[in-house]
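Some notes on the structure that comes next.
The values are calculated or read from the model by the stated rules, or taken from the named source; none is laboratory data. Please read these numbers as outputs of a predicted model, since none were measured by experiment. Every residue, glycine among them, receives a Cβ derived from its backbone with ideal geometry; neighbour counts consider all protein chains shown.
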Amino acid sequence: MEYVWATGLVLLNGVWLFLVVLGLPGNWLMVASTALVAWLHWDRGLFSIETLAILAALAAVGELLELGTALVGSKAGGGTGRGSLGALAGGFGGAILGTIFIPVPLLGSLVGACLGAGLGAWGLEIQDGLPSRRAVRSGVGAGVGRFFGTVLKLSLGVLIWLVAAVAAFWP
């Protein structure tokens, strides 16, 4: 029966991993799912506290990297704090729209998130009266930053998925 739970967890965590590309908290959902299975089967020793702590730490680092790279990208392009907020909001909305309008798995979401981050930063910078050239640089920086942040967060998500999968089958 433990193998059924382990297999279900690995499959569910695969779904959560896909959500990372959409800008959703897939890494945290993997941690929560793994913690729930650990709690339900604590007497069988399916997961240790150390394993759960490692998964949570990896998820936290992924969030910081994703957030930080979009903000740093916007700032490096000469943007303001408001442009950075536009990058965050635009990245989320763009990921959803990219998934719908570019129906290529993962690619549509990633392209949409990067374009959305860039357009969000650019739009709020223009609204605040920043010169056009500087607003464009902020938008490009935010888009590039979002790309690298998503790739880093997804890489950590794959690591979370692997650690949980290995621990589920070989406690």
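The single residue among V37, V4, V15 that is β-branched (V, I, T) and closer than 28 Å to F148 by Cβ turns out to be V15. Restricting attention to region 1-33, the residues that are crowded, with 17+ Cβ neighbours inside 10 Å and either without any contact (Cβ under 8 Å) to a residue 12 or more places away in the chain or among the hydroxyl-bearing types (S, T, Y) (or both) add up to 2. Pairing each residue of region 148-171 that is under 25 Å from I49 (Cβ atoms) with any residue that is among the hydrophobic types (A, V, I, L, M, F, W, C) and not in a helix (DSSP H, G or I), provided the two are 6+ apart or on different chains, yields C-beta distances under 9 Å for A164/F47; A167/L46; A167/F47; A168/L46; A168/F47; P171/L46; P171/F47. List every residue pair whose Cβ atoms lie under 9 Å apart, where the two residues are 6 or more positions apart in sequence or sit on different chains, the first residue falls within region 70-93 and is in contact (Cβ under 8 Å) with a residue 60 or more places away in the chain and assigned to a helix (DSSP H, G or I), and the second residue, located anywhere, is surrounded by 19 or more Cβ atoms within 10 Å (Cβ to Cβ) and basic (K, R). As it stands, the answer is A70/R146; G73/R146; A76/R137; G91/R146, since those pairs meet every condition given. Pairs meeting the criteria (first residue in region 34-48 and under 15 Å from Y3 (Cβ atoms), second residue at pLDDT 90 or above, beta carbons under 6 Å, at least 6 apart or on different chains) are V37/L9; L46/A38; F47/A38; F47/A167. Checked against (1) farther than 18 Å from P25 by Cα; (2) at pLDDT below 90; (3) of a type outside the set (F, W, Y), L115 passes all but a single condition, namely (2). Looking only at residues of region 89-106 that are under 12 Å from T150 (Cβ atoms) and surrounded by fewer than 24 Cβ atoms within 10 Å (Cβ to Cβ), we find that the one that is modelled with the highest pLDDT is F92.
Select from region 140-171 the residues that are within 27 Å of A38 (Cα to Cα) and basic (K, R) and list them in ascending order.
First, the residues of region 140-171 that are within 27 Å of A38 (Cα to Cα): 152-171.
K153 - this is the single residue of region 140-171 that is within 27 Å of A38 (Cα to Cα) and basic (K, R).
Can you spot a residue in region 131-139 that is surrounded by fewer than 17 Cβ atoms within 10 Å (Cβ to Cβ) and outside any helix (DSSP H, G or I)? Yes: region 131-139 contains one or more residues that are surrounded by fewer than 17 Cβ atoms within 10 Å (Cβ to Cβ) and outside any helix (DSSP H, G or I).
Looking at the structure I just gave you, is E63 part of a helix (DSSP H, G or I) and within 10 Å of the chain's Cα centre (by Cα)?
Working: part of a helix (DSSP H, G or I): yes; within 10 Å of the chain's Cα centre (by Cα): yes.
Spelling it out, E63 is indeed part of a helix (DSSP H, G or I) and within 10 Å of the chain's Cα centre (by Cα).
Put simply, of L159, L154 the only residue that is modelled with pLDDT under 95, under 15 Å from the mean Cα position of the chain (by Cα) and under 30 Å from V4 (Cβ atoms) is L154.
How many residues, within region 10-46, are closer than 13 Å to I160 by Cα and aromatic (F, W, Y)? So the count comes out to 3.
Residues in region 27-79 that are within 29 Å of G129 (Cα to Cα) and among the basic types (K, R): K75 alone.
When residues in region 36-51 are screened for being surrounded by fewer than 17 Cβ atoms within 10 Å (Cβ to Cβ) and among the hydrophobic types (A, V, I, L, M, F, W, C), 5 of them pass.
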